[in-house]
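See structure below.
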Amino acid sequence: MESLNKEIMLKRVVKETSDIYSFVFEKPKDYIWDAGQHTIFKFKELKIPLAEDEKEHRIFSIASVKEEEDFMFSTRIVENCTNFKKNLLKLVPGDIMLIDKPMGKFLLEDLDKPTLLIAGGIGVTPMRAFLKDIELNNKKVKKIRLLYSDDRNEFAYKEELIGIGEKVKGIEVLLISNRETFINELDKFTSEYLNDAYYYISGSPGMNKMFTEKLIDMGVEKQNIKTDSFQGY
Ligand SMILES: Cc1cc2nc3c(=O)[nH]c(=O)nc-3n(C[C@H](O)[C@H](O)[C@H](O)COP(=O)(O)OP(=O)(O)OC[C@H]3O[C@@H](n4cnc5c(N)ncnc54)[C@H](O)[C@@H]3O)c2cc1C
(Lines give C-alpha, C1' and ligand atoms only; values in the text may rest on other atoms or scores of the structure.)
Protein backbone atom coordinates (compact mmCIF):
# COMPACT_ATOMS: atom_id res chain seq x y z
CA MET A 1 0.00 0.00 0.00
CA GLU A 2 2.11 2.83 -1.33
CA SER A 3 0.07 5.73 -0.09
CA LEU A 4 0.59 4.74 3.56
CA ASN A 5 3.46 7.14 3.83
CA LYS A 6 2.54 9.88 6.29
CA GLU A 7 4.43 9.47 9.55
CA ILE A 8 2.81 10.21 12.89
CA MET A 9 4.68 10.25 16.19
CA LEU A 10 3.10 8.92 19.37
CA LYS A 11 2.83 11.32 22.28
CA ARG A 12 0.89 9.21 24.77
CA VAL A 13 -1.61 6.41 25.31
CA VAL A 14 -4.74 7.04 27.38
CA LYS A 15 -6.74 4.19 28.90
CA GLU A 16 -10.33 5.36 28.47
CA THR A 17 -12.18 2.30 29.86
CA SER A 18 -11.25 -1.26 30.85
CA ASP A 19 -10.57 -2.09 27.19
CA ILE A 20 -10.65 1.14 25.15
CA TYR A 21 -7.34 2.92 24.57
CA SER A 22 -6.71 6.24 22.87
CA PHE A 23 -3.47 6.65 20.91
CA VAL A 24 -2.52 10.30 20.81
CA PHE A 25 -0.03 11.48 18.19
CA GLU A 26 1.53 14.74 17.12
CA LYS A 27 -0.73 16.23 14.49
CA PRO A 28 0.80 15.48 11.07
CA LYS A 29 1.70 18.57 9.02
CA ASP A 30 -0.24 19.24 5.81
CA TYR A 31 -2.85 16.66 6.70
CA ILE A 32 -6.44 17.91 6.57
CA TRP A 33 -9.46 15.79 7.33
CA ASP A 34 -13.15 16.24 8.03
CA ALA A 35 -14.82 15.22 11.30
CA GLY A 36 -16.12 11.67 10.90
CA GLN A 37 -13.47 10.45 8.45
CA HIS A 38 -11.15 7.50 8.96
CA THR A 39 -7.80 6.38 7.63
CA ILE A 40 -5.55 3.34 7.43
CA PHE A 41 -2.84 2.76 10.04
CA LYS A 42 0.29 0.63 9.90
CA PHE A 43 3.37 0.26 12.11
CA LYS A 44 6.68 1.63 10.88
CA GLU A 45 8.38 -1.10 12.89
CA LEU A 46 6.70 -4.10 14.46
CA LYS A 47 7.73 -5.18 17.95
CA ILE A 48 5.89 -8.51 17.71
CA PRO A 49 5.57 -10.32 14.36
CA LEU A 50 2.06 -10.47 12.95
CA ALA A 51 0.30 -13.79 12.60
CA GLU A 52 0.89 -15.48 9.26
CA ASP A 53 -2.49 -14.62 7.77
CA GLU A 54 -2.83 -11.25 9.49
CA LYS A 55 -3.21 -7.95 7.61
CA GLU A 56 -0.48 -5.41 8.33
CA HIS A 57 -2.87 -2.46 8.55
CA ARG A 58 -6.15 -1.50 10.25
CA ILE A 59 -8.75 1.20 9.63
CA PHE A 60 -9.57 3.53 12.51
CA SER A 61 -11.80 6.60 12.67
CA ILE A 62 -9.93 9.79 13.39
CA ALA A 63 -11.42 10.68 16.76
CA SER A 64 -9.83 14.13 16.93
CA VAL A 65 -10.46 17.17 14.74
CA LYS A 66 -7.94 19.28 12.86
CA GLU A 67 -8.52 22.23 15.21
CA GLU A 68 -7.13 20.21 18.13
CA GLU A 69 -3.46 20.05 19.01
CA ASP A 70 -3.24 16.26 18.68
CA PHE A 71 -4.17 13.51 16.26
CA MET A 72 -5.96 10.60 17.89
CA PHE A 73 -7.61 7.28 17.30
CA SER A 74 -9.19 5.01 19.90
CA THR A 75 -9.65 1.28 19.80
CA ARG A 76 -10.88 -1.67 21.80
CA ILE A 77 -8.16 -4.08 22.85
CA VAL A 78 -9.45 -7.24 24.46
CA GLU A 79 -7.34 -9.95 26.09
CA ASN A 80 -7.66 -12.37 23.17
CA CYS A 81 -6.61 -9.79 20.59
CA THR A 82 -4.70 -9.88 17.30
CA ASN A 83 -0.95 -9.31 17.14
CA PHE A 84 -1.65 -5.94 15.50
CA LYS A 85 -3.38 -4.84 18.70
CA LYS A 86 -0.59 -6.35 20.83
CA ASN A 87 1.81 -4.14 18.88
CA LEU A 88 -0.35 -1.13 19.70
CA LEU A 89 0.02 -1.89 23.41
CA LYS A 90 3.82 -2.02 22.97
CA LEU A 91 3.97 1.50 21.52
CA VAL A 92 5.88 4.10 23.55
CA PRO A 93 6.11 7.87 23.09
CA GLY A 94 8.33 8.69 20.12
CA ASP A 95 7.28 5.60 18.13
CA ILE A 96 6.06 6.13 14.58
CA MET A 97 2.98 4.82 12.76
CA LEU A 98 2.15 5.37 9.11
CA ILE A 99 -1.19 6.62 7.82
CA ASP A 100 -2.94 6.96 4.48
CA LYS A 101 -5.02 9.91 3.26
CA PRO A 102 -8.26 10.64 5.11
CA MET A 103 -11.32 8.97 3.62
CA GLY A 104 -15.00 8.29 4.18
CA LYS A 105 -18.31 10.03 3.74
CA PHE A 106 -19.66 9.69 7.26
CA LEU A 107 -19.98 13.47 7.63
CA LEU A 108 -22.49 15.73 9.35
CA GLU A 109 -24.05 17.56 6.45
CA ASP A 110 -26.95 19.68 7.59
CA LEU A 111 -26.75 21.22 11.03
CA ASP A 112 -30.12 22.94 10.50
CA LYS A 113 -31.86 19.59 10.69
CA PRO A 114 -32.34 17.72 14.00
CA THR A 115 -29.90 14.83 14.12
CA LEU A 116 -29.73 11.72 16.26
CA LEU A 117 -26.28 10.20 16.73
CA ILE A 118 -26.42 6.54 17.73
CA ALA A 119 -23.13 5.09 18.96
CA GLY A 120 -22.51 1.57 20.20
CA GLY A 121 -19.36 1.07 22.28
CA ILE A 122 -16.23 1.97 20.29
CA GLY A 123 -18.56 3.40 17.59
CA VAL A 124 -18.37 6.64 19.56
CA THR A 125 -15.06 7.62 17.88
CA PRO A 126 -16.47 9.55 14.88
CA MET A 127 -19.19 11.00 17.13
CA ARG A 128 -16.53 12.56 19.34
CA ALA A 129 -15.09 14.21 16.24
CA PHE A 130 -18.54 15.55 15.22
CA LEU A 131 -19.10 17.14 18.63
CA LYS A 132 -15.58 18.56 18.94
CA ASP A 133 -15.92 20.07 15.44
CA ILE A 134 -19.11 21.87 16.47
CA GLU A 135 -17.65 22.97 19.81
CA LEU A 136 -14.31 24.24 18.54
CA ASN A 137 -15.67 25.92 15.42
CA ASN A 138 -18.63 27.47 17.26
CA LYS A 139 -21.01 25.96 14.74
CA LYS A 140 -24.70 26.67 15.17
CA VAL A 141 -26.81 23.55 15.53
CA LYS A 142 -30.55 23.06 15.59
CA LYS A 143 -30.52 19.90 17.69
CA ILE A 144 -28.00 17.10 17.96
CA ARG A 145 -28.67 14.34 20.44
CA LEU A 146 -26.01 11.71 21.07
CA LEU A 147 -27.24 8.36 22.35
CA TYR A 148 -24.10 6.48 23.39
CA SER A 149 -24.78 2.95 24.47
CA ASP A 150 -22.53 0.64 26.42
CA ASP A 151 -23.90 -2.42 28.21
CA ARG A 152 -21.10 -2.37 30.78
CA ASN A 153 -21.64 1.27 31.68
CA GLU A 154 -18.11 2.24 30.59
CA PHE A 155 -17.88 5.28 28.36
CA ALA A 156 -14.84 6.60 26.51
CA TYR A 157 -14.40 10.41 26.61
CA LYS A 158 -17.12 10.50 29.32
CA GLU A 159 -16.35 13.84 31.02
CA GLU A 160 -15.52 15.51 27.73
CA LEU A 161 -18.77 14.48 26.06
CA ILE A 162 -20.87 15.44 29.08
CA GLY A 163 -19.03 18.78 29.17
CA ILE A 164 -19.85 19.50 25.52
CA GLY A 165 -23.50 18.61 26.17
CA GLU A 166 -23.60 21.10 29.04
CA LYS A 167 -21.75 23.85 27.24
CA VAL A 168 -22.91 23.84 23.63
CA LYS A 169 -26.42 25.00 22.87
CA GLY A 170 -28.33 22.45 20.79
CA ILE A 171 -26.20 19.45 21.79
CA GLU A 172 -27.54 16.81 24.17
CA VAL A 173 -25.44 13.87 25.35
CA LEU A 174 -26.99 10.74 26.85
CA LEU A 175 -24.79 7.89 28.07
CA ILE A 176 -26.96 4.82 28.39
CA SER A 177 -26.21 1.34 29.74
CA ASN A 178 -29.75 -0.02 29.78
CA ARG A 179 -31.14 -1.38 26.51
CA GLU A 180 -34.75 -0.57 27.39
CA THR A 181 -33.83 3.04 28.11
CA PHE A 182 -31.99 3.15 24.77
CA ILE A 183 -35.00 1.94 22.81
CA ASN A 184 -37.23 4.39 24.73
CA GLU A 185 -34.91 7.22 23.72
CA LEU A 186 -35.06 6.11 20.07
CA ASP A 187 -38.85 6.07 20.33
CA LYS A 188 -38.91 9.52 21.89
CA PHE A 189 -36.79 11.06 19.13
CA THR A 190 -38.59 9.37 16.23
CA SER A 191 -42.00 10.29 17.68
CA GLU A 192 -40.94 13.91 17.76
CA TYR A 193 -39.02 14.26 14.48
CA LEU A 194 -39.43 11.08 12.39
CA ASN A 195 -38.35 12.08 8.85
CA ASP A 196 -37.61 15.69 9.65
CA ALA A 197 -34.30 14.46 11.05
CA TYR A 198 -31.11 12.62 10.17
CA TYR A 199 -29.95 9.48 11.93
CA TYR A 200 -26.25 8.56 12.14
CA ILE A 201 -25.34 5.11 13.40
CA SER A 202 -21.79 4.00 14.20
CA GLY A 203 -20.58 0.67 15.58
CA SER A 204 -20.15 -2.98 14.63
CA PRO A 205 -21.91 -4.13 11.44
CA GLY A 206 -24.34 -6.19 13.57
CA MET A 207 -25.28 -3.24 15.71
CA ASN A 208 -25.69 -0.94 12.71
CA LYS A 209 -28.00 -3.45 11.04
CA MET A 210 -30.09 -3.85 14.18
CA PHE A 211 -30.57 -0.11 14.69
CA THR A 212 -31.18 0.56 10.99
CA GLU A 213 -33.95 -2.06 10.98
CA LYS A 214 -35.40 -0.67 14.19
CA LEU A 215 -35.52 2.87 12.78
CA ILE A 216 -37.11 1.65 9.54
CA ASP A 217 -39.73 -0.24 11.61
CA MET A 218 -40.42 3.02 13.40
CA GLY A 219 -41.09 4.71 10.04
CA VAL A 220 -37.75 6.39 9.33
CA GLU A 221 -36.92 6.45 5.60
CA LYS A 222 -33.64 4.84 4.61
CA GLN A 223 -32.36 8.03 2.96
CA ASN A 224 -32.34 9.71 6.39
CA ILE A 225 -30.11 7.04 7.93
CA LYS A 226 -26.30 7.08 7.58
CA THR A 227 -24.09 4.33 8.95
CA ASP A 228 -20.39 3.96 9.68
CA SER A 229 -19.72 0.25 9.81
CA PHE A 230 -16.70 -0.87 11.82
CA GLN A 231 -15.96 -3.98 9.73
CA GLY A 232 -13.74 -6.30 11.75
CA TYR A 233 -15.86 -6.45 14.93
C1 LIG B 1 -14.70 2.77 8.48
C2 LIG B 1 -14.15 2.01 9.68
C3 LIG B 1 -13.86 2.69 10.84
C4 LIG B 1 -13.39 2.00 11.95
N5 LIG B 1 -13.08 2.72 13.08
C6 LIG B 1 -12.63 2.06 14.18
C7 LIG B 1 -12.31 2.77 15.38
O8 LIG B 1 -12.38 4.01 15.45
N9 LIG B 1 -11.91 2.05 16.43
C10 LIG B 1 -11.79 0.67 16.40
O11 LIG B 1 -11.43 0.07 17.41
N12 LIG B 1 -12.08 0.01 15.28
C13 LIG B 1 -12.49 0.64 14.17
N14 LIG B 1 -12.75 -0.07 13.03
C15 LIG B 1 -12.54 -1.54 13.05
C16 LIG B 1 -11.04 -1.88 12.92
O17 LIG B 1 -10.61 -1.61 11.60
C18 LIG B 1 -10.73 -3.35 13.25
O19 LIG B 1 -11.36 -4.18 12.31
C20 LIG B 1 -11.17 -3.74 14.65
O21 LIG B 1 -10.60 -2.86 15.58
C22 LIG B 1 -10.76 -5.18 14.96
O23 LIG B 1 -9.37 -5.24 15.05
P24 LIG B 1 -8.53 -6.59 14.99
O25 LIG B 1 -8.76 -7.26 13.68
O26 LIG B 1 -7.12 -6.27 15.31
O27 LIG B 1 -9.21 -7.55 16.03
P28 LIG B 1 -9.28 -7.49 17.63
O29 LIG B 1 -9.87 -6.20 18.07
O30 LIG B 1 -8.00 -7.89 18.25
O31 LIG B 1 -10.32 -8.66 17.86
C32 LIG B 1 -11.68 -8.57 17.44
C33 LIG B 1 -12.40 -9.83 17.95
O34 LIG B 1 -11.84 -11.02 17.35
C35 LIG B 1 -11.31 -11.87 18.36
N36 LIG B 1 -10.03 -12.42 17.88
C37 LIG B 1 -8.86 -11.75 17.75
N38 LIG B 1 -7.91 -12.57 17.26
C39 LIG B 1 -8.50 -13.74 17.08
C40 LIG B 1 -8.05 -14.99 16.59
N41 LIG B 1 -6.80 -15.18 16.19
N42 LIG B 1 -8.95 -16.01 16.54
C43 LIG B 1 -10.20 -15.85 16.94
N44 LIG B 1 -10.70 -14.68 17.42
C45 LIG B 1 -9.86 -13.67 17.47
C46 LIG B 1 -11.10 -11.01 19.59
O47 LIG B 1 -11.17 -11.75 20.78
C48 LIG B 1 -12.24 -10.02 19.47
O49 LIG B 1 -13.43 -10.53 19.98
C50 LIG B 1 -13.20 0.60 11.90
C51 LIG B 1 -13.48 -0.09 10.72
C52 LIG B 1 -13.94 0.60 9.61
C53 LIG B 1 -14.20 -0.16 8.34
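The values are calculated or read from the model by the stated rules, or taken from the named source; none is laboratory data. These figures come from a predicted structure and were not determined experimentally. Virtual Cβ from ideal backbone geometry, glycine too; neighbours counted across all protein chains shown.
Would the stretch 25-33 turn up any residue that is crowded, with 18+ Cβ neighbours inside 10 Å and farther than 17 Å from Val92 by Cα?
Checked against the condition, which is being crowded, with 18+ Cβ neighbours inside 10 Å and farther than 17 Å from Val92 by Cα, the stretch 25-33 yields at least one hit.
How many residues does the stretch 20-57 contain that are free of Cβ contacts under 8 Å to residues at least 60 places away in the same chain, more than 15 Å from Asn87 (Cβ to Cβ) and assigned to a loop (DSSP other than H, G, I, E, B)? Before the answer, list the steps.
Filtering the stretch 20-57 down to residues free of Cβ contacts under 8 Å to residues at least 60 places away in the same chain leaves 24, 26-27, 29-30, 41-57.
Checking the rest, the ones that are also more than 15 Å from Asn87 (Cβ to Cβ) come to 24, 26-27, 29-30, 52-53.
Filter once more, so that each one left must be assigned to a loop (DSSP other than H, G, I, E, B): 27, 29-30, 52-53.
Total satisfying the criteria: 5.
For Ser3, work out the one condition from (1) among the small types (Gly, Ala, Ser); (2) closer than 26 Å to Lys158 by Cα; (3) not in a strand (DSSP E or B) it doesn't fulfil.
Only one criterion is unmet by Ser3, namely (2).
Could you list, in sequence order, all residues of the stretch 58-68 that are more than 13 Å from Phe84 (Cα to Cα) and crowded, with 16+ Cβ neighbours inside 10 Å? Working first, answer last.
Filtering the stretch 58-68 for residues more than 13 Å from Phe84 (Cα to Cα) gives 61-68.
Ser61, Ile62, Ala63, Ser64, Val65, Lys66 - these are the residues of the stretch 58-68 that are more than 13 Å from Phe84 (Cα to Cα) and crowded, with 16+ Cβ neighbours inside 10 Å.
Answer yes or no as to whether Phe41 is within 14 Å of the ligand (Cβ to nearest atom), over 13 Å from the mean Cα position of the chain (by Cα) and modelled with pLDDT of 95 or more.
Considered against the rule, which asks whether it is within 14 Å of the ligand (Cβ to nearest atom), over 13 Å from the mean Cα position of the chain (by Cα) and modelled with pLDDT of 95 or more, Phe41 comes out as yes.
With respect to Val92, is the statement that it is more than 9 Å from the ligand (Cβ to nearest atom), at pLDDT 95 or above, at negative phi and of a type in the set (Val, Ile, Thr) true? Give the derivation first.
Details: more than 9 Å from the ligand (Cβ to nearest atom): yes; at pLDDT 95 or above: yes; at negative phi: yes; of a type in the set (Val, Ile, Thr): yes.
In short, yes.
I'd like the full set of residues that are surrounded by 14 or more Cβ atoms within 10 Å (Cβ to Cβ), more than 27 Å from Glu192 (Cα to Cα) and not aromatic (Phe, Trp, Tyr), limited to the stretch 145-157.
Glu154, Ala156
Considering only residues that are out of contact with any helix residue (DSSP H, G or I) (no Cβ under 8 Å at 6 or more places or on another chain) and aliphatic (A, V, I, L, M), which ones fall in the stretch 96-123?
Ile96, Met97, Leu98, Ile99, Met103, Leu107, Ile122
Name the single residue, out of those in the stretch 58-89 being in a helix (DSSP H, G or I) and of a type outside the set (Phe, Trp, Tyr), that is nearest to the ligand (Cβ to nearest atom).
Within the stretch 58-89, the first condition is being in a helix (DSSP H, G or I), and the residues that meet it are 83-89.
Next cut, of a type outside the set (Phe, Trp, Tyr) only: 83, 85-89.
On the way: Asn83: 8, Lys85: 4, Lys86: 8, Asn87: 10, Leu88: 9, Leu89: 11 Å.
That would be Lys85.
Would you check if Ile162 is surrounded by 17 or more Cβ atoms within 10 Å (Cβ to Cβ) and either under 20 Å from Glu68 (Cα atoms) or modelled with pLDDT of 95 or more (or both)?
Working: surrounded by 17 or more Cβ atoms within 10 Å (Cβ to Cβ): no; either under 20 Å from Glu68 (Cα atoms) or modelled with pLDDT of 95 or more (or both): yes.
Criteria not met by Ile162.
Are there any pairs with C-beta distances below 9 angstrom linking a residue in the stretch 101-128 that is under 23 Å from Lys42 (Cβ atoms) to a residue that is more than 15 Å from the ligand (Cβ to nearest atom) and assigned to a strand (DSSP E or B), with the two at least 6 apart or on different chains, and if so which?
Every condition considered, the pairs that remain are Lys101/Lys6; Gly123/Ser149.
Which ranges mark the strands (runs of 3 or more DSSP E) fully within the stretch 137-233 that have 2 or more residues being within 21 Å of Lys105 (Cα to Cα), more than 16 Å from the ligand (Cβ to nearest atom) and of a type in the set (Phe, Trp, Tyr)? Explain how you work it out, then say what you get.
Values: elements: 144-149, 171-176, 198-203, 225-229.
In the stretch 137-233, the matching strands (runs of 3 or more DSSP E) lie at 198-203.
Where residues in the stretch 1-38 are at pLDDT 95 or above and among the hydroxyl-bearing types (Ser, Thr, Tyr), which of them is nearest to Ile77 (Cα to Cα)?
Tyr21
Do any residues in the stretch 72-91 that are in the same structural domain as Thr17 (by TED's automatic domain parsing) and farther than 19 Å from Ile8 by Cα have Cβ atoms under 8 Å from those of residues that are among the hydrophobic types (A, V, I, L, M, F, W, C) and near the ligand (Cβ under 6 Å from one of its atoms), where the two are at least six apart or on different chains, and which pairs are they?
Arg76/Ile122
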